[in-house]
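Here is the structure we will look at, set down as structure tokens.
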Amino acid sequence: MTKKTIAALACWLAACGALLLILRAGHPVQAHLVHSDALYLPVLFDDLVNHGGRIADWLLTPAPYFFPDMPLYGLAWLAGSGAAAQTTAFALLQTVLAALALYLLARQALARDRLPAAAALSILFIWLGLTVDDPFVRLFSSAHHYGAFVAALLLCALWLRLDTDRDGPPARLAMAGIVALGFLTTLSDALFLAQTTLPLFAAALLARHGAAPAARPRRAAMLLLAPALAGLLAYRFVVAHPTRYPTRLSLSQLPQHLNDLHTIFATLFGARPLLAGAMLLALGWGAACILVCLRRRPLPGLARPLHLLGAFATLSFLATIGVMLLSKNVQPVPRYLIGALSWPLVAGVFALVQLLEARRRHAGAALGLGLCLVLSSMLAGEAWRVRAQRDSDRYFYPEQVACIDRALAAAGVHTGMAQYWDAKRLQGLSREHLTLGQYTGELGRMEWITSTRFYRPAYDFAIVAEQESAEFRLPIARLAGRDGAAPRAVSCGDRTVLIYGPGRLRAPQ
């Protein structure tokens, strides 16, 4: 192991150590880990493991996140007890898996300086997640599309291996991995088809001159498109209660979606011109790679894998933006841009390392190590800044949740009804093992990312969110009109807990 490899690995370990200290100290990034959507897998696993639930009882998210999120969260579940320990463990596990995937990709894309380049990118994504917010913060979240990006890194690494290795057991193993990743990830997240599979297929066809036989159109389609389409079709046979959005493309929402994307990009890049410039340069380089592939004249100093990777990064960005603009029933949100904004950085850093190395020996390693040292030092500084806070309870057991727990524990009740933004959050963070049925402001069942087992013929209590819109706020007057006023009402901040007693609040019909 060379000195530069040891130095890069040491920086990466220091960055991961800083991340652990930051998460344990109660950093504001943890606010992204405790809202109702982010607690989907914690509540799901708690129901399956501790309460005898079945996956068939659940109305899963439109992207059910079977792979890689569920297996990874299974490891996090084993690593700790409670939402705080498990979400922290998941954040570290996903960070490690992403770093490993980056290294495997670097092994195929670069001739030298693989570990410094991969470590620099991994530390960069940790730093972006802690400082830039959405979508980079999703590195630390389960069930928010970041797992699909990690799977895309692995898929591209396998494809580049197959692109140069024409035969033998390694090639057959790469093919099996490509097929499995394409099927499992598209089954888990339909966006994978548009963001990864189709752009990679297009880049492979553009760069097929001089490639292995796998890049021929028919074989590439069988390896890339067929498994993804099979995963897309298999969804209805695997999921008991389908919630996936139907694919509807139209120009009717184009003006609104353009405005939404403008807001997202203005928020992300408005105060970060350096990041915006780096992104534009990387996308421009990717466009140049597309032209190079079309003209079959490689850029000097860049190996074939980097041309393919650059073309894919820009095609993935364009495909993602195109789908978001043309979708009729899905509004653009930052988490859909994880791959679109991360791939240009990956391809750009790899290309820059290779170009520097081609012009001056050790220059690429110096760039990678320089980034590692600067970014890991910044992360260490952030960890030092928050070292004394030790206040993760403000996110994982805030006073409002503790207040609700005290009120329910005093009454000896555990089964209630609440609006969507309270139900999974309280189930995930409460220490009283609550079961909550989700209802709308009209007292209709909100059967969305929840288990059908959580709905009961009668409940013990209701939680009313006073400040929520009428769409979500449970109507106290209607509840009182049906079952009378609650014998006891407890205020916990802007939440009111109406305690009726065991089974005394009838379920709305």
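The values are calculated or read from the model by the stated rules, or taken from the named source; none is laboratory data. For clarity, every value in this text was computed on a predicted model and none was experimentally measured. Cβ coordinates were reconstructed from backbone atoms using ideal geometry, including for glycine residues, and neighbour counts include every protein chain displayed. Keep in mind that these areas ignore ligands, DNA and RNA; they rest on the heavy atoms of the full protein, side chains included. Shrake-Rupley method; radii C 1.70, N 1.55, O 1.52, S 1.80 Å.
Considering all alpha-carbon pairs of region 267-424, what whole percent are spaced by more than 28 angstrom? Distances greater than 28 Å cover 50 percent of the Cα pairs. Sorting Leu308, Leu48 by accessible area puts them as Leu48, Leu308; the probe is 1.4 Å, largest comes first, and only protein heavy atoms count. The residue list Gly484, Gly428, Ser469 was ranked by how far each Cα lies along the charge dipole of region 415-492 toward its positive end, using unit charges on Cβ atoms, and Gly428 comes out on top.
Under 5 Å from the amide H of Gly53 lie the amide H atoms of Leu48, each residue being 5 or more positions distant or on a separate chain, with H modelled from the backbone and absent for Pro and chain starts. Summing charges over all other residues whose Cβ lies under 13 Å from the Cβ of Arg138, with Lys and Arg as +1 and Asp and Glu as -1, gives -4.
Does region 37-80 come out rounded, prolate or oblate, given a ≥ b ≥ c as the square roots of the eigenvalues of its C-alpha gyration tensor, rounded meaning a/c under 1.5 and, failing that, prolate meaning a/b above b/c? Oblate. Within the shell defined by Cβ-Cβ distances under 13 Å, the residues around Ala118 carry a net charge of +3, with Lys and Arg each +1 and Asp and Glu each -1. Here Ser122 sits with roughly 10 square angstrom of accessible surface, probe radius 1.4 Å. Shown are His35, His144, whose ranking by accessible area with a 1.4 Å probe and every protein chain present, most to least, is His35, His144. When the square roots of the Cα gyration tensor eigenvalues are ordered a ≥ b ≥ c, the ratio a/c for region 261-357 is 1.5 or more and a/b does not exceed b/c, which makes its shape oblate.
Pull up the DSSP beta bridges for the chain and report the antiparallel fraction as a percent, rounded to 5. Counting only bridges with both partners in the chain, antiparallel ones make up about 75 percent. Among the listed values (1) 50, 37, 21; (2) 58, 25, 19; (3) 45, 26, 20, the one computed from these coordinates for semi-axes √(5λ) of the Cα gyration tensor in Å is (3).
Of all aspartates and glutamates in the structure, those lying under 17 Å Cα to Cα from Lys4, and not within fewer than 8 positions of it along the same chain, are Asp113, Glu357. Across region 44-155, C-alpha contacts under 8 Å between residues 6 or more apart give a mean separation that, scaled by the residue count, equals a relative contact order of 28 percent. For Phe90, the accessible area of its heavy atoms, probed at 1.4 Å with every protein chain present, is near 0 square angstrom. Only aspartates and glutamates eight or more places from Lys328 in sequence, or on another chain, were considered; those with a Cα closer than 14 Å are Asp260. Placing +1 on the Cβ of every Lys and Arg and -1 on the Cβ of every Asp and Glu, with nothing else charged, gives the chain a dipole about its Cα centre of roughly 1660 debye. For the chain, Cys16, Cys156, Cys289, Cys293 have no disulfide-compatible partner, since no other Cys C-beta lies under 4.7 Å from theirs.
Amide hydrogen proximity for Cys492: with H placed 1.01 Å from N in the peptide plane, the residues at 5 or more positions away or on another chain lying under 5 Å are Val497. A DSSP coil position with no more than 13 other Cβ atoms inside 10 Å describes the following trypsin sites (Lys or Arg not before Pro) in region 405-505: Arg431. Relative to the Cα centre, the charge distribution of region 98-236, modelled as +1 at Lys and Arg Cβ and -1 at Asp and Glu Cβ, gives a dipole magnitude of about 500 debye. Counting only whole DSSP H helices of the chain, the ones at least 30 Å long by C-alpha along their axis and with mean Kyte-Doolittle hydropathy no lower than -0.5 are 3-25, 83-109, 273-295, 304-326, 338-359, 363-385. Given the DSSP H assignment, sum -39500 (n - 2.57) over each helix run of at least 4 residues in the chain and divide by its residue total; what's the result at 222 nm in deg cm²/dmol, nearest 500? Rounded to the nearest 500, it is -19500 deg cm²/dmol. In terms of its C-alpha gyration tensor, region 237-318 comes out oblate, because a/c is 1.5 or above while a/b does not outweigh b/c. Legend: residues Thr2, Thr197, sorted from most to least accessible area (1.4 Å probe; ligands, DNA and RNA excluded), read Thr2, Thr197.
Counted by Cβ distance under 15 Å from Phe312, the other residues give a net charge of +2, where Lys and Arg count +1 and Asp and Glu count -1.
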